[in-house]
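Structure, as structure tokens:
Since every read-out is calculated from the coordinates, none of them should be taken as a lab result. Source: prediction; values computed, not measured. Counting neighbours? That spans all protein chains shown, and the Cβs are built from the backbone with ideal geometry, glycine included.
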Amino acid sequence: MPTQVKALAMDSATAPFRRIEITRRDPLPDEVVIDIKFAGICHSDIHTARGEWGDVIYPLVPGHEIAGVVTAVGPEVVKFKVGDHAGIGCFVDACGECAHCRIGEENACLERTIWTYNDIGADGVPTAGGYSQQIVARADYVLRIPDSLPLDKAAPLLCAGVTPWSPLVRYNAGSGTRLAVVGLGGLGHMAVQLGKALGCEVTVLSRSLRKREQGLKLGADHYYATADPATFEDLEASFDLMLCTVSADLDVDALVSLLDLGGVLVFLGLPPDEQSFHIEPLCLGHKVITGSDIGGIPGTQAVLDFCAEKGIAAQIELIGADEVTEAYNKVVAGDVEFRYVIDVATI
């Protein structure tokens, strides 16, 4: 029979989190039940919960960086067994049959991707995310977390890991690639580690030098402050690939000037306002401005396996349920190094 579990929810865009009970259904034959141990706090959670990205289904239980332990499996499931470490990222279902799903880009399903929270599930019930004790999902959309990855540090890989991983793989980043990472937050600190492990020469571009020591420890070869005008003069035409991880309004032309011939600027963050840039530098330099979103199931599994192989993990601050409301404010203020993760046992 359906299970009542504890969760953290917001009742409005300005409300603090409160404890509620939600219902998790019994697993269908192709589904698994996961007891959630840890849930990362992604800036997307905050944008959504505060109504900055459109309509919200309140009460909202956010969380799409989910790590836990499988406690039940449907009779058709062969991918998991009870006791396995497992995770769920930004979506819990898709059609599985369209052209995008067939190439492992289920996050861009042509029919309908069902998001982990603030959506309507296949059962007609609003989806609830990882700030809760348990979740039920189709096994095809659940990830295997290698045993060598601690669950608390693995949770952010389900979003903050796969988001930079996708363009790094798409643009063949590796030995000889001059990679710039704009911003050293949740996404940026993972981009630095992944880029370095792939063999890139990694440069961090941050507003100030405040996190320079941390950036170099994570593997960055160079670290510059974008607030210093000399940075853009000194680094003109220096990079093959640039991952912009911040969600603030930016001088796009200034970033483009740092790309070498044929360079690619990839936006991973979503600035709140329209951005403008000039076309001429793109034409003259054969440069590309593009964007990238999370990744499908194969890509997410690949980054988990890669991190396990290379000993890479998210840098986290573990917090309790009573600290989540304040953690949201701190994330917006940039006061986190580098990912808050909720200990779900405290709910």
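Report for region 120-239 the percent antiparallel among DSSP-assigned beta bridges with both residues inside it, nearest 5.
In region 120-239, DSSP labels about 10 percent of beta bridges as antiparallel.
Which of the GluC sites (Glu not before Pro) found in region 195-300 are in a DSSP loop and have at most 16 neighbouring Cβ atoms, other than their own, within 10 Å?
Within region 195-300, the qualifying GluC sites (Glu not before Pro) (loop, at most 16 other Cβ atoms within 10 Å) are 236, 274.
Could you compute how fast region 34-133 diffuses translationally, taking Rh as the Kirkwood radius over C-alpha pairs and applying Stokes-Einstein at 10 °C with viscosity 1.306 mPa s? Give it in µm² per second.
Taking Rh from Cα pairs, D becomes 109 µm²/s.
Which one of 239, 272, 250 is farthest out on the positive end of the charge dipole of region 232-272, using unit charges on Cβ (Lys, Arg +1; Asp, Glu -1) and the Cα centre as origin?
272
Which order results if 125, 136 are arranged by neighbouring Cβ count within 10 Å, fewest first?
125, 136
Quick one: check the C-alpha center-to-center distance for region 298-347 versus region 85-134, whole angstrom.
If you average the Cα positions of each part, the centres end up 20 Å apart.
Find how many whole Å separate the alpha carbon centroid of region 258-278 from the alpha carbon centroid of region 44-66.
26 Å
What do you get for trypsin sites (Lys or Arg not before Pro) in region 1-99 restricted to DSSP loop and a cutoff of at most 10 other Cβ within 10 Å of the site's Cβ?
81
Could you check the spin-label model distance between residue 97 and residue 216? Points 7 Å from the Cα along Cα→Cβ, value in nm.
Modelled inter-label distance: 5.7 nm.
To one decimal place, what Kirkwood hydrodynamic radius in Å is obtained for region 162-291 from all pairs of distinct Cα atoms?
14.4 Å
Taking a cut-off of 26 Å between Cα atoms, list the lysines near residue 81, but don't count ones fewer than 8 places away on the same chain.
Straight-line reach from residue 81, under 26 Å: 6, 37, 153, 310.
With charges only on Cβ, +1 for K and R and -1 for D and E, what is the dipole size of region 165-212 about its Cα centre, in debye, rounded to 20?
220 debye
Give, rounded to the nearest 20 debye, the magnitude of the charge dipole that the chain has about its Cα centre when Lys and Arg contribute +1 at Cβ and Asp and Glu contribute -1 at Cβ.
720 debye
Before rounding to the nearest 500, sum -39500 (n - 2.57) across all DSSP H runs of length at least 4 in the chain and divide by the residue total; then give [θ] at 222 nm in deg cm²/dmol.
The helix contribution divided over the chain gives -6500 deg cm²/dmol.
Return the FRET efficiency for the residue pair residue 261, residue 4: r is the Cβ-Cβ distance, R0 is 56 Å, and the value is rounded to the nearest 0.05.
It comes to 0.40.
Using DSSP, restrict attention to beta bridges with both residues in the chain and report what percent are antiparallel, rounded to the nearest 5.
Roughly 55 percent of the DSSP beta bridges within the chain come out antiparallel.
Taking the chain as the reference, fit the longest principal axis to its C-alpha atoms, fit the long axis of helix 186-198 to the helix C-alpha atoms, and give the angle between the two in degrees, 0 to 90, nearest 10.
In the chain, helix 186-198 runs at an angle near 70 degrees to the longest axis.
Please name which of 49, 69, 14 has its Cα lying farthest along the dipole of the chain towards the positive end, using unit charges on Cβ (Lys, Arg +1; Asp, Glu -1) and the Cα centre as origin.
69
Under a plain spin-label model, where a point goes 7 Å from the Cα along Cα-to-Cβ, how far apart in nm are residue 71 and residue 14?
With each label point 7 Å from Cα toward Cβ, the separation is 3.7 nm.
In degrees from 0 to 90, rounded to the nearest 10, what is the angle of the helix 297-310 Cα long axis to the longest principal axis of the chain?
70 degrees
Looking at region 124-218, which trypsin sites (Lys or Arg not before Pro) are DSSP coil and have at most 13 other C-beta atoms within 10 Å of their C-beta?
210
About its Cα centre, how strong a charge dipole does region 162-291 have in debye, to the nearest 20, once Lys and Arg get +1 and Asp and Glu get -1 at the Cβ?
Here region 162-291 has a charge dipole of around 640 debye.
Candidates [x] 20.2, 59; [y] 31.4, 123; [z] 20.0, 65; which is the computed Rg and Dmax of the Cα atoms in Å?
Checking each listed value against the structure points to [z].
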